[in-house]
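The block underneath contains the structure these notes are about, expressed in structure tokens.
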Amino acid sequence: MGIVDEDIVRVRESTDIVALISQYVPLRRVGQRWTGLCPFHNEKTPSFSVDATSGLYHCFGCKASGDAITFVREKEQTDFVGAIEFLANRVGITLRYTDANEGESRKRQAKLYGELERAADWYHERLKSGVDAAAARKYLRSRGFTKEEVEHFKVGWAPDDWDQLMRHLRISEADAVASGLGFVNRAGRMQDFFRARILFPILDDRSRVIGFGGRKLPDAEGAKYKNSRDNDVYHKSRALYGLNWAKTQAVERNEMIVCEGYTDVIGFNRADITRAVATCGTALTEDHVKLIKRFANRLVLAYDADEAGQSAAERVYAWERAHDIEVAVVQLPDGLDPDELASSDPDALNEAVENARPFLRFRVDRVLADSNLSSAEGRSKTAERALEVIAEHPEPFVRDQYVMQLADLCRIDVELLRSRLADSSRRTKQNADRKGSPDRRGGSSPGYASDDGDPGPWSVDNGSYGDPGGYDDSGSYEPPGDYGYSGGQSSGGRRRSQRVAPGGGRSSKRVNERSPSLAVELEALRLFLVNRPSIEGYLVPEMFDDALVRSTFELLESNADVVSARDRGTPEEAELLARLAVDPSEAEVNDVLIRLATEVGRSVLADLEARARSSADPLAFVEVITWLKLEVDDLRRSKVEVEKLDQLLVWLRDQRRESDRG
Ligand code: ZN
């Protein structure tokens, strides 16, 4: 495991799950529990619940469930140890590690970050004081860089030489390669990765240097930009230049700007817009979007207008839906870069950002800007082209708003446009279905490829990518009273819920029937979970017909608390526990006991009758059968005293225990 057990327990105990989850999504108190919009799927009405006492959460919509550790693993995309470290850091606990190897790999990671930091310092010093960096300094000044900016962004200079950095750092070959700072050349010697370039250190959201973007001087040979290659600490599909500086304002404004280059980020800063980031030599990926979503719900593209216009619309809409993020586009005047505009007219840059338009609006406006509305033919042509763009949007109401505007503008009957749009949407959907095949998805954008084999909650959303028809599905809300814990009837995509319940056919059959006794069994189990003393004495495993409920009961019975029970249970048992822990129903203890006695009473009665029929002396059963019938009838009329109910339950419990042995 890597971390001392005791420390894991301390971290768990010190973590307030409500406070933790509230950092991601607002929660509202409802009775004993907290509810809010699910942070794992896109929804309009809350189906996500958190129980502070057991420290568990569960979503009745997408079935995401777990404890603080699961939550951090899924939201922060980390492993178990990473999640513990994240939580420990939050509550200020210093962790101790057990396994030497685990400690080693963490140590090595830390060492690589250290080397990258030293390299950034060294490059930065070279830029400021190196005789050979005069041309670089001159170039930066010509681009409007101030001394303060060079300091703030720790801009550096990689000398025009083979191995000065390697000689300065004196690191091992393995570390040089793993950190991306150097490599072994064909002569078998260590060589610097960057040479004769202005360097922009790329930091992660925790302000650790993870790589560099290198720009050549205007007259030099070679590609304009050279960036770190993917290595042990740097992954370009997840790296965002400027994130460490941008996150504060992004959270304040609930908006993050994505631009094209290092100098654009710095340009935005110059205009006091510090919430800008840039992808590092790659198109925006879904991993980037997820990273941005941690800080803001709105993503503003500040690309060159052609570039932005060509962003794959289907991908943008899929992201908007899957991650509940709004994508808007900044239109910069006269094809200027943010960098240029920041220097010449910072107010205009601010204004352009304030006026960022929704992605669809931007695309429609581009069509309109390019059209001739003065002739009938021109208006008709414009309507055709605008409809194609509108048809790509997945929300029918949004589409219709645009259609109505377009009808006015092009002086075409709105019904005519609507029916044309319907045709066009069908075509778009067919295209999307074709394009939505896994090959295409993985190919065009590395961000779409799943990081590992584990189908996290995001893969649920990925499943609906390119398929507008599947959307409603992810938002469907299953009422808690249903307890449909196997979820087997749901449609594709939800791999999480498609596991076969232990106990196989019998259990799933029972679930589909939604038999009243299953509901009672679940209520009894829930009571055992949330208020153990109230029901403990009446329950034995044999009282549960449903295999999953029974095994979960046994699991709870043999563990001191729900957290350790979850740790030792199967995924199905763990999910059921979380679901029950956050169940908003506030059933009265007495009601549950009465219903339990009724159900078990009926079942025992049926057993007794069967035994009587096959017995040599059926009359011997008459007395007990008659008595039990009356008791069960009394229960139904809810006219039962606590003491009598208590006796009946104990008797039923013993009957069940015996009959199962027999
Ligand atoms: Zn959910």
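The values are calculated or read from the model by the stated rules, or taken from the named source; none is laboratory data. These figures come from a predicted structure and were not determined experimentally. Every residue, glycine among them, receives a Cβ derived from its backbone with ideal geometry; neighbour counts consider all protein chains shown. In case anyone asks, the SASA skips ligands and DNA or RNA and just uses the protein heavy atoms, side chains included. Shrake-Rupley method; radii C 1.70, N 1.55, O 1.52, S 1.80 Å.
List of remarks:
- For a straight C-alpha distance cut-off of 24 angstrom, the lysines reachable from residue 644 (same-chain residues fewer than eight places away being disregarded) are 629.
- Proximal lysines to residue 290, defined as alpha-carbon separation beneath 18 angstrom and excluding residues fewer than eight positions away on the same chain: 75, 236, 247
- Note on region 5-91: the C-alpha convex hull projects to 5.4 nm² when averaged across all orientations.
- Probe 1.4 Å, protein heavy atoms only - accessible area per residue of region 243-387 in square angstrom: 37
- Largest to smallest in accessible area, the residues 247, 138, 128 fall in the order 138, 128, 247 (1.4 Å probe, all protein chains included).
- Shown here for region 568-662: GluC sites (Glu not before Pro) in loop regions (DSSP other than H, G, I, E, B) with at most 10 other Cβ atoms within 10 Å, namely 586, 588, 641.
- By the rule of a C-alpha distance below 19 Å, with chain neighbours fewer than 8 residues away ignored, the aspartates and glutamates paired with residue 128 are 117, 148, 149, 151, 160, 161.
- Tensor-based shape of region 270-404 (alpha-carbon gyration tensor, a/c under 1.5 rounded, otherwise prolate or oblate): oblate
- Largest accessible area first, the listed residues 653, 29, 579 line up as 29, 653, 579 when surface is computed with a 1.4 Å probe on the assembled protein chains.
- In Å², nearest 10: area of residue 617 left accessible to a 1.4 Å probe: 80
- Per residue solvent-accessible surface (Å²) - region 100-234, probe of 1.4 Å: 51
- In the complete set of protein chains, residue-level accessible area for residue 598 is approximately 20 Å², probe 1.4 angstrom.
- All Cα-Cα distances of region 100-234, cut into 10 Å bins from zero to the largest, leave 12, 44, 33, 10, 2, 0 percent in each bin in turn.
- Computed on protein heavy atoms with a 1.4 Å probe, the accessible areas place 225, 113 in the order 225, 113, largest first.
- Calculated on the alpha-carbon coordinates, the convex hull of region 340-394 measures out at 98 cubic angstrom per residue.
- Surface accessible to a 1.4 Å probe, per residue, for the residues of region 5-91, Å²: 40
- In region 91-215, the portion of solvent-accessible area held by carbon and sulfur atoms comes to 51 percent [1.4 Å probe, whole percent, DNA, RNA and ligands not counted].
- Spread of Cα-to-Cα distances over 5 Å intervals beginning at zero, given as percent, for region 535-637: 2, 11, 16, 17, 17, 12, 9, 8, 5, 2, 0
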